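Comments concern the structure below.
Since every read-out is calculated from the coordinates, none of them should be taken as a lab result. Computed from a predicted model, the values in this text were never measured in an experiment. Ideal geometry is used to build each Cβ from the backbone, glycine not excepted, and the neighbour counts take in all protein chains shown.
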Protein chains: 2
Amino acid sequence: MNIAEEEESLPKRESDHGGEASAVVPHETEVVRPKVAVDTALFAMEDARLKCYLVQLQAGALASKWAFPGGLVRVGETLDGAARREIEDAAGLRDIYLEQVFSFGDPSRDPDAHVVSVAYMALIPEAGAARLGSRKYADGQWFEVARLPALAYDHTELAGYALQRLRSRLRYMDIARNLLPPTFTMGDLQDIYQSVLERGIDRRNFRRWMLTTDLLERLPGKRRGAHRPATIYAFRKRNEEAFRML
Amino acid sequence: MNIAEEEESLPKRESDHGGEASAVVPHETEVVRPKVAVDTALFAMEDARLKCYLVQLQAGALASKWAFPGGLVRVGETLDGAARREIEDAAGLRDIYLEQVFSFGDPSRDPDAHVVSVAYMALIPEAGAARLGSRKYADGQWFEVARLPALAYDHTELAGYALQRLRSRLRYMDIARNLLPPTFTMGDLQDIYQSVLERGIDRRNFRRWMLTTDLLERLPGKRRGAHRPATIYAFRKRNEEAFRML
DNA sequence: CCAAAAGTGTTGAGTATACACCCATGA
DNA sequence: TCATGGGTGTATACTCAACACTTTTGG
């Protein structure tokens, strides 16, 4: 790839000069290029179900449609940095688990301009930690993954990719730690696996498998609930190493 | 993500106006944005070894360095389309297997400008099919994956990601078909698995496993070589379905 | 004492791996 | 005839999935 070489030889294109984006008129000598954005599918557990966070667009051709929070990448900024900035803007969350998933570049995905979107997946331990209002969007809301509304852009596809990535990571990595508070019970952990993988798992086999991975640490107390008290666990500091399951 | 809303409110940045890219000066009212490029790691088998195709950069701060072929995405063009165009330009290849791998966006990855690069992996059945000279690059060359030279940009990292993706696909999908001619022997197929996974595989177990997947079709003839003639196989039309291995 | 969740153990099926032997060809 | 890769079979270890029983609490 060579920027300096291509920059001059490329023909100017007019095809993206429709819509609202043309409010900004490039200089005659400027070559028009696709823009870069990031969009993040944020997941959390709530009521033993996997949910994801959506906002309602406020402007543009798709105003009032639901979408994942995101925005344009600025010059000098990393992609991860842009995703974190947008998540903090939209939901007031910092230092969360973030992972790049896929890039969407269909020129017609955004009716306002040609925008290449780098999609991210993010995980937080408590849905309640997300601020629902923001400067940029009217209101955020948590939706059950199985019952998402119609989404703007290609975000329905994005949701599928992000979920697929989450499932894959759950099978081979200790990613579940990012969906849990510091301490939890074996039942809490199994809820994650069951709702993300969308299938029942035998309680006893799950327990045995999870303990043999040696990722968990048994803590002294018990959690008291409606029935027999449950052992409290925490994830060990770090294993960094992938492992296998199921 | 909302373009119309952000477009005006974003501050202009000067940080990327060093280097050769500043030959193109944006208009005063134009907002400077990161550019989007695609870069493709092209793989093929040669002498029972996995190789990948590199070109030498001709201009810019990294001229004469080796890199994967790629270039800027044009407005109105899909990412896949841009990758295919660049591969055809660089190596004269069309209708090849192509898969998006990862996007790299570190602002300092290209000393000439802030360029976000969407990385692709491509596979072809014959290394010899690639044209080595091109309009854009001096000469292409096939390198053993285990012995790559120093690469420009973050392309060493790209190579790692692409290889990791290839390994993963080999385990669960019939992606090997894209590295093989229409007909081949069990030995040819095993060469791919061994060189991509970088480990020896028991010949008899490999054969049994591969045949139970039911992806192969036994063809009538035999391939005669230095020793006992080998059965000729072809991949069945399409299974589309993922499967598991090892 | 009963319902419901937590904790512990066993067993059989299916899969993966290691390995032995014979076959067909060119040199 | 021998070196080399091709073709077929078998024994064993291991993992996975199905399932039974007991324990501990709250109501």
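Working from label points 7 Å from Cα in the Cα-to-Cβ sense, the A:N205 to A:Y97 distance is 2.3 nm.
Counting charges near B:A44 (Lys, Arg +1; Asp, Glu -1) among other residues having Cβ under 9 Å from its Cβ returns a value of -1. Please work out, to two decimal places, the log10 of the ratio I(q)/I(0) at q = 0.09, 0.10, 0.18 Å⁻¹ from a Debye calculation in which every Cα of region B:35-172 carries one identical scatterer. After summing over all Cα pairs, the log10 values are -0.23, -0.28, -1.00. Spatial offset of region B:167-182 relative to region A:109-181 amounts to 31 Å, using the alpha carbon center of each. The mean number of Cβ atoms from other chains found within 10 Å of a Cβ in peptide A:99-107 is 6, as a whole number. Computed about its Cα centre, the charge dipole of region A:123-246 is approximately 540 debye, with only Lys, Arg, Asp and Glu carrying charge at their Cβ. Comment: the Cα-to-Cβ extended label point of A:A61, at 7 Å, lies 3.7 nm from its counterparts in the other copies, nearest first.
For A:I175, neighbours were defined as the other residues whose beta-carbon sits under 12 Å from its Cβ, and their charges (Lys and Arg +1, Asp and Glu -1) total +3.
Per residue, the convex hull spanned by the alpha carbons of region B:144-246 comes to 130 Å³.
A label point on A:R135, set 7 Å along the Cα-to-Cβ line, lies at 4.6 nm from each of its counterparts in the other copies, closest listed first. The rule of thumb for compact globular proteins, 2.2 N^0.38 Å, goes into the C-alpha radius of gyration of region A:175-235 1.08 times. Each Lys or Arg adds one and each Asp or Glu takes one away; over the other residues whose Cβ falls under 9 Å from the Cβ of A:Q190, this sums to 0.
In nanometers and ordered shortest first, the copy-to-copy spacing of the A:A230 label point, defined 7 Å from Cα toward Cβ, is 5.4.
Its alpha carbons considered, region B:119-165 gives a radius of gyration followed by a Dmax of 11.8, 31 Å.
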